[in-house]
Every structure is written in structure tokens, then in C-alpha cells.
Amino acid sequence: MLVKTKAIVISSLKFQEKSLIVKCFTLSDGLKSYFVRDAFSSRKSNQKIAYFQPLSILEIEAVHKNKGTLEQLKEIKIETPFQSIHSDIFKSTMVMFLSEMLQHSIHEEEKNEALFNILETALHWLDHHDDIANFHLILLLEITKHLGFYPDTSEVEFPFFEMKEGVFSPLPALNSLNEHETQLFKKLIDLKFDNDKKTFHVTERKLLLKILIDYYSMHLDGFKKPKSLEVLAAVFS
């Protein structure tokens, strides 16, 4: 089946000398993996390696056989030419980390238009703003809405957040955050991209990121801690 769709690059892996295996989150079909022949060859001007940087937004034409094998790309172009994401060290480090988080979080080859739209909207916001220190925290929490484990806030007044069940409770349990951690988590729940200035200091952001990674680990089978976490910590310390 010939498909034209937007696609967000999740990961790319060099194959042999000149080719790539590229994993994309597509608007039309969810997660798809593509074989990009001669990606490093100057003769293939429509398959430049630069297209496949982390979280690039592409417009692609591809043949989807839907047999669980690598699909074939026929045409590729940049749908959104980012102005700063891949040139700013803070933003590029952040998208490298986020792409790795997504790689370990999204496994379904099925359409999830709502998740695609929030990722696309968030990347546009990141490209055009400079106050980004809490961006990854806000986005990671937002993504849980579309992966099925967003916190239940119906009893948010309770002082402990129980991570396994995703609920707030009056008493601590085995997998509960302590009261201080729960208060930080509540502040994060209330944040939006445009109102996050100076909300947390560095140590609080590190703690919240640890909480979010632990939260993902509890709710996603096979989830792995991103290797780029140390790089992110170094850049934002």
C-alpha cells in the first residue's frame, strides 16, 4: 500500500556502509521502521542523512506492506524546517533524550493521532521558545495521557502519590512518593509549556525526571533507562 503521511523520526541506526534503518512515528500508522538505502550517498539527494536527526518532522511517501518487516521509503522531505532545535545544544540534547524515551515507550503499529499531534505541537513550541528547562518534564507527563497511565487526579488533595496505581492516597504505600516528592509532582501536573518559568530549581528538576523515568518503568513492559540521561544531566546542570 502506498501511503503519504507525516512522520516523526524516533531513531536511526546505520546499516552496513551506506544505509540506515529508521524508526518513525507516523500519523497514518503509528510506529514504522524503514530501510533507507544509500542514505550516506550523495547520489541520493532525496535521502540525506540530515533528514533523520532525532524528532525531525518529515513528509514521506512509503510502501507499507504491513507484514512486520522493514518498509520502503519512496519520497522524503522535511515537513517542518526547524530553526533552532538541531543547532542549539540545550534543545538538541533534550530531543536526543526525548527520542530515546519515545523509542522505549511506543511499540504499537497503530494510528494514534492524538499522540502524534501533541508531539508535533510540542516540537513547534520548543523550536520557537528559549525558556525550555522544564519542557521535557511537561511533555513526558503529557505523553502518559496517550499511553494510558496519566495520573488519576480525582483525589489530588491527598499527600502521597502511589506510582504503581497512578493515584493519590492519604497514606504512604510501598510505591508511594514521599510528601515532598508528591508536592513537586502536583506542581508539574499543573504546568503548561507557557507558564513554566522558574518553577523548579536544578535539583528539583533532576528529582522529577527520576520520578518520571521510574513511573514509565512501572507502567511499560521492557522499558529501558535512556543512555542519554547522563548527557542531559551534564548539559542542564
Students sometimes get this wrong: rank Ser176, Ser12, Ser154 by accessible area, probe 1.4 Å, all chains present, largest first. Ser154, Ser12, Ser176
Relative contact order of the range 82-237, defined on C-alpha pairs under 8 angstrom at six or more residues apart (%): 28 percent
Of all accessible heavy-atom area on the chain, the percent that carbon and sulfur account for (1.4 Å): 51 percent
If you count only protein heavy atoms and use a 1.4 Å probe, how large is the accessible surface of Lys14, to the nearest 10 Å²? 110 Å²
Quick one: of the DSSP bridges fully inside the range 1-100, what percent are antiparallel, nearest 5? 95 percent
State, to one decimal in nm, how far the label point of Lys18 lies from the label point of Gln72, with both points 7 Å from Cα in the Cβ direction. 1.7 nm
Taking the Cα centre as origin and putting +1 on Lys and Arg beta-carbons and -1 on Asp and Glu beta-carbons, what dipole magnitude results for the chain, to the nearest 20 debye? 1120 debye
Suppose only helical runs count, i.e. DSSP H with n ≥ 4. What mean residue ellipticity at 222 nm does that imply for the chain under -39500 (n - 2.57) per run, divided by all residues and rounded to the nearest 500 deg cm²/dmol? -11000 deg cm²/dmol
Can you compute 3J(HN,Hα) from phi for each residue in the range 68-85, using the Karplus curve 6.51 cos²θ - 1.76 cosθ + 1.60 with θ = phi - 60°, rounded to whole Hz and x for Gly and Pro? x, 9, 5, 8, 10, 8, 9, 9, 9, 8, 6, 7, 10, x, 5, 8, 9, 4
For Lys4, list the lysines whose Cα falls under 23 Å from its own Cα; do not include residues on the same chain fewer than 8 positions away. Lys23, Lys32, Lys44, Lys48, Lys65, Lys67, Lys74, Lys77, Lys111
Going by Cα centres, the range 106-138 and the range 68-87 are how many Å apart? 16 Å
Over the chain, with the other protein chains present, what is the accessible area per residue in square angstrom, probe 1.4 angstrom? 51 Å²
Mind grabbing the accessible area of Leu207 for me, 1.4 Å probe, Å², rounded to tens? 50 Å²
Setting aside same-chain residues fewer than 8 positions from Lys186, which aspartates and glutamates have a Cα under 18 Å from its Cα? Glu142, Asp152, Glu155, Glu157, Glu162, Glu165, Asp194, Asp196, Glu204, Asp214
Counting only protein heavy atoms and leaving out ligands, DNA and RNA, the solvent-accessible surface of Tyr51 at a 1.4 Å probe, in Å² to the nearest 10, equals 40 Å²
Lys/Arg Cβ at +1, Asp/Glu Cβ at -1, dipole of the range 85-237 taken about the Cα centre: which of His104, Pro172, Thr93 is farthest positive-ward? Thr93
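The values are calculated or read from the model by the stated rules, or taken from the named source; none is laboratory data. Every value quoted in this text rests on a predicted model; they were computed, and no experiment measured them. Here the Cβ is made from the backbone with ideal geometry for all residues, glycine too, and neighbour counts use every protein chain on show. We work out accessible area using only protein heavy atoms, side chains counted, and drop any ligands, DNA or RNA first. Shrake-Rupley method; radii C 1.70, N 1.55, O 1.52, S 1.80 Å.
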